[in-house]
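Since the structure comes first, as structure tokens, the remarks are kept for the end.
FYI, it's all coordinate maths here, none of it is from the lab. Predicted model, so just to flag it, every value in this text is computed and none were measured. Cβ sites come from the backbone with ideal geometry, for glycine too, and all protein chains shown count toward neighbours.
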Amino acid sequence: MSLRILCLHAHPDDAEILAGGTLALLAERGHRVAIASMTAGDCGSDSHRPEEISDIRRTEAAKAAALIGAEYHCLGFHDLVIFNDDSSRRRVTAALRKHRPDIILTASPLDYHCDHEATSLLVRDACFACSAPNYGTAAFGPGPSLPRIPHLYFVDPIEGVDRDGRPQTPHFVVNVGAMMEMKKRMLASHESQRAWLQRQHGIDDYIVQMTEWTRNRGALAGLEFGEGFRHYTGHPWPSEPVLEEALGAEVVRTKA
Ligand SMILES: [Zn+2]
């Protein structure tokens, strides 16, 4: 059965860094994958104005998604302006009703960046709201409510730790060794970020850094390269292991 899978993270390039290999595997298996970011990354530059860098980054993100036959969407939030409030929850809910995912992958609830943490909360609660018919979104041409809450998974935080450096252990790690070249190509589409990450984050080469992070996650499960996920199964979110089943032998459970 072909599943609809939406990876909705905060900024363009987060999905590629943290789940690019898994998304490539799922696309290769015939599932319908979409990548979305809350913002267009309007603060990710010191040489372009916000509108300019947003246009550049939307194009880069669409290019990265297209490499695996995925669509790309931006929800139109702004960097550092993602808050867990009424209008934002309605906006994310409208996006879920439009894309109608069976599985949604989103940011870790604990991560280094406020936008990542706010995205995680908004998506978690929009998963509940999108299946409640009486919850309105004020969207133009709103999609109908979903028949049930989508399956929700959190990707790893950046470097696998919270902001105090405490390890966040995934429930399982996906073997993405066969997809590392594709993952690198996807991330390389985000060319505008090379100089920015060097200036703001002190990262010399973002492809090398991503490769190192992916190697470290793989090591948790005895793999060369891996991406970790946590399955959110709080009441009444669905608990069937649909993502794990879709990935089959590539999934290695950890002791979390
Ligand atoms: Zn980010």
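Below are the figures for this structure:
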item	result
Taking Thr39, Thr93, Thr254, Thr22 and counting other C-beta atoms within 10 Å, the order from fewest to most	Thr254, Thr39, Thr93, Thr22
Cα centroid of segment 11-33 to Cα centroid of segment 67-141, whole Å	17
Gain upon complete extension [Thr233, Glu191; 0.36 nm per residue less C-alpha separation]	11.5 nm
Positive-end residue, segment 142-256 charge dipole about Cα centroid, Cβ charges, pick of Val174, Val251, Ser145	Ser145
Shape of segment 137-256, Cα gyration tensor, a/c cut at 1.5	oblate
Packing rank of 60-66, 142-148, 114-120, where each peptide gets the mean count of other beta carbons within 10 Å, highest leading	114-120, 60-66, 142-148
Cβ crowding within 10 Å averaged over residues, with 240-251, 219-230 ranked highest first	219-230, 240-251
Rounded, prolate or oblate (a/c below 1.5 giving rounded, otherwise prolate when a/b exceeds b/c) for segment 1-155 by Cα gyration tensor	oblate
Dipole magnitude of the chain about its Cα centre (Cβ charges: Lys, Arg +1; Asp, Glu -1), debye to nearest 20	760
Net charge, Glu224 excluded, C-beta distance under 15 Å - Lys, Arg +1, Asp, Glu -1	0
For segment 192-256 and segment 142-162, distance of Cα centres in Å	14
Two-site FRET efficiency, Lys98 against Glu52, from Cβ-Cβ distance with R₀ of 35 Å, rounded to 0.05	0.80
Gaussian network model of the chain, Cα within-10 Å springs - most flexible of Ala94, Ala138, Ala27	Ala138
Relative contact order for the chain, counting Cα pairs under 8 Å that sit 6 or more residues apart, in percent	22
Top of Arg199, Arg185, Arg97 by mean-square fluctuation, Gaussian network on the chain, Cα under 10 Å	Arg199
